[in-house]
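Scroll down for the structure; my scribbles are underneath it.
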Amino acid sequence: MSPRAAWRLETLGFTRVHDYVAGKADWGSFGRPLEGQRDSNTRVGAHLQTDVPTCTPDESLQDGCERVRTAGFDTCFVVNDRRIVLGRLGRAALASDDDPTVEAVMTAGPSTVRPSLDLSAAIERMRNQNLTNLPVTRSDGVLLGLIRRDVAEHALDRAS
């Protein structure tokens, strides 16, 4: 909203008015609802799996592996205390019998997508890169979850 609109709302008695300078794209990247022909249901954020296993860089790999196995996953996201994604443990790291720290074997800075990404674009990316899922973060790097390719394909079929 424009500063003028924010001031107008204040004159009408609204006490919590904010001028959201970052804009619509950032709004969507935080998973906020979108409207229009391509509303939130056509976006990655509406179809997230949020119960993904996480670990911290300083914990032992075997502790992280145990958490992943218990959760039934084949990946683990390495996050800091604010859930900002620092890395990812893939299948090879999780299959290791060694016990270094997670940081020693993680893939640093994994590619992520925003919850506002259109489902068809996410599916195309996963197909082109032969991926089964993509990590989803806000624009500030906080992990929201992951989008699975099969879930995204099913959702897109339903929407058509």
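Points worth noting:
- Any hit, the stretch 67-76, residues being hydrophobic (A, V, I, L, M, F, W, C) and in contact with a Gly (Cβ under 8 Å, 6 or more places away or on another chain): yes
- Failed condition for residue 126, given (1) more than 23 Å from residue 154 (Cα to Cα); (2) touching a residue at least 24 places away in the same chain (Cβ under 8 Å): (1)
- Residues being crowded, with 18+ Cβ neighbours inside 10 Å and either among the aromatic types (Phe, Trp, Tyr) or part of a helix (DSSP H, G or I) (or both) - total across the stretch 79-93: 1
- Yes/no for residue 108 being under 17 Å from residue 54 (Cβ atoms) and loosely packed, with under 12 Cβ neighbours inside 10 Å: yes
- Checked against (1) surrounded by 15 or more Cβ atoms within 10 Å (Cβ to Cβ); (2) modelled with pLDDT of 90 or more; (3) among the aliphatic types (A, V, I, L, M), residue 156 passes all but condition (2).
- Residues that are part of a helix (DSSP H, G or I), within 14 Å of residue 41 (Cβ to Cβ), modelled with pLDDT of 95 or more and within 14 Å of the chain's Cα centre (by Cα) do occur in the stretch 121-140.
- Evaluating residue 103 against the criteria (1) of a type in the set (Asp, Glu); (2) over 15 Å from the mean Cα position of the chain (by Cα); (3) exposed (fewer than 13 other Cβ atoms within 10 Å of the Cβ) leaves one unmet condition, (3).
- Tally, over the stretch 141-160, of residues that are part of a strand (DSSP E or B) and either touching a Leu at 6+ places or on another chain (Cβ under 7 Å) or basic (Lys, Arg) (or both): 5
The values are calculated or read from the model by the stated rules, or taken from the named source; none is laboratory data. All figures in this text were calculated on a predicted structure; none of them were measured in a lab. Methodologically, a virtual Cβ is constructed for each residue, glycine included, from the backbone with ideal geometry; neighbour enumeration extends over all protein chains shown.
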